[in-house]
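Below is one structure, written out as structure tokens, with a few remarks after it.
Derivation of every value follows stated rules applied to the coordinates shown; laboratory data play no part. This structure is a prediction, so every number in the text was calculated from the model and none was measured. Counting neighbours? That spans all protein chains shown, and the Cβs are built from the backbone with ideal geometry, glycine included.
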């Protein structure tokens, strides 16, 4: 049996959050970022060696895979005021 590509953290996030979507971005030479964001602005991320692995993870999770951020996804990501919401994950400044 083939080992799943999607990390356990992403699997849990998808199970517990409403309408998750994946956003795939290149973040360095040979590294790709997959950010999974829900409708409320909560998010989880993982790093992959290739964009194909990130896409495979989205398929395994049963979520849409988007290439980069568009206006709709940016609004979704910014919907949550993470600094005012207890327990929310903060992005780096």
Could you give the C-alpha radius of gyration of the chain expressed as a fraction of 2.2 N^0.38 Å, taking N as the number of residues it contains? 1.05
Treating the angle as unsigned and between 0 and 90°, give the value, to the nearest 10°, between the Cα long axis of helix 51-61 and the longest Cα principal axis of the chain. 70
Comparing 42, 25, 78 in a Gaussian network model of the chain (Cα, 10 Å), the one with the largest mean-square fluctuation is 78
With springs connecting C-alpha atoms under 10 Å apart, model the chain as a Gaussian network and identify which of 16, 34, 73 has the largest mean-square fluctuation. 16
Taking a ≥ b ≥ c as the square roots of the Cα gyration tensor eigenvalues, with a/c under 1.5 meaning rounded and otherwise prolate when a/b beats b/c, else oblate, which class fits region 26-79? prolate
At a Förster distance of 25 Å, what's the computed FRET efficiency of residue 52 paired with residue 8, Cβ-Cβ distance as r, to 0.05? 0.75
Tell me the relative contact order for the chain as a rounded percent, counting alpha carbon contacts under 8 Å between residues six or more apart. 29
Which percentage, to the nearest 5, of the DSSP beta bridges contained in the chain is antiparallel? 80
